[in-house]
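The values are calculated or read from the model by the stated rules, or taken from the named source; none is laboratory data. Small disclaimer: the values here were computed from a predicted structure and weren't measured. Cβ atoms come from the backbone with ideal geometry, glycine included; neighbour counts cover every protein chain shown.
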Amino acid sequence: MQILIALIVGASIGLAVHVLARGRETRGAALAPIIGAFVAGLCWLILTWAGVGLDSFWLWASPFVVSWIAWPVVALLARRRIASDARERARLRLV
């Protein structure tokens, strides 16, 4: 049940990433929170399967740390989307 805490923390940090990262108009509002929740939940799952107990600092700190992986992912996706849109506009001669 504690994995829900990791998912909520990951989604919250993902929401902050969505608001703070550039290129918000190139992606949906749910993308960064989903990425943050997925990575935080996956890290929690791996650590608990590895035998890290609930009394460990690292288990509780991991969702806060790994959720920031959403930042470079959404930055990369925004760059690719902008480049793809520019290529498509040039192909359709809309520029």
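In this structure, Arg91 does not satisfy being touching a helix residue (DSSP H, G or I) at 6+ places or on another chain (Cβ under 6 Å), surrounded by fewer than 16 Cβ atoms within 10 Å (Cβ to Cβ) and at pLDDT 95 or above. One residue is enough: does segment 13-35 have a residue meeting the conditions of a type in the set (Asp, Glu) and part of a helix (DSSP H, G or I)? Looking for residues that are of a type in the set (Asp, Glu) and part of a helix (DSSP H, G or I), one finds at least one in segment 13-35, hence yes. When the test is whether a residue is without any contact (Cβ under 8 Å) to a residue 24 or more places away in the chain and in contact with a helix residue (DSSP H, G or I) (Cβ under 8 Å, 6 or more places away or on another chain), Val66 does not pass it.
Of all residues in segment 15-36 being over 10 Å from the mean Cα position of the chain (by Cα) and of a type in the set (Val, Ile, Thr), which is farthest from Ala70 (Cα to Cα)? Among those that are over 10 Å from the mean Cα position of the chain (by Cα) and of a type in the set (Val, Ile, Thr), it is Thr26.
Criterion first (within 16 Å of Gln2 (Cα to Cα) and at pLDDT below 95) does Leu54 satisfy it? Yes; evaluated as a whole, the condition is true for this residue.
Just one of the listed residues (Trp60, Trp49, Trp44) is at pLDDT 95 or above, buried (at least 16 other Cβ atoms within 10 Å of the Cβ) and among the aromatic types (Phe, Trp, Tyr), and it is Trp44. Among residues of segment 27-49 that are among the hydrophobic types (A, V, I, L, M, F, W, C), those with a Cβ under 9 angstrom from a residue that is part of a helix (DSSP H, G or I) and exposed (fewer than 13 other Cβ atoms within 10 Å of the Cβ), sequence gap 6+ or separate chain, pair up as Ala32/Val19; Leu47/Trp58.
When you scan segment 69-95, how many residues do you find that are without any contact (Cβ under 8 Å) to a residue 12 or more places away in the chain and among the β-branched types (Val, Ile, Thr)? Qualifying residue count, segment 69-95: 1. Among the residues in segment 26-40, are any crowded, with 17+ Cβ neighbours inside 10 Å, polar (S, T, N, Q) and in contact with a helix residue (DSSP H, G or I) (Cβ under 8 Å, 6 or more places away or on another chain)? Among the residues of segment 26-40, not one is crowded, with 17+ Cβ neighbours inside 10 Å, polar (S, T, N, Q) and in contact with a helix residue (DSSP H, G or I) (Cβ under 8 Å, 6 or more places away or on another chain), which makes the answer no.
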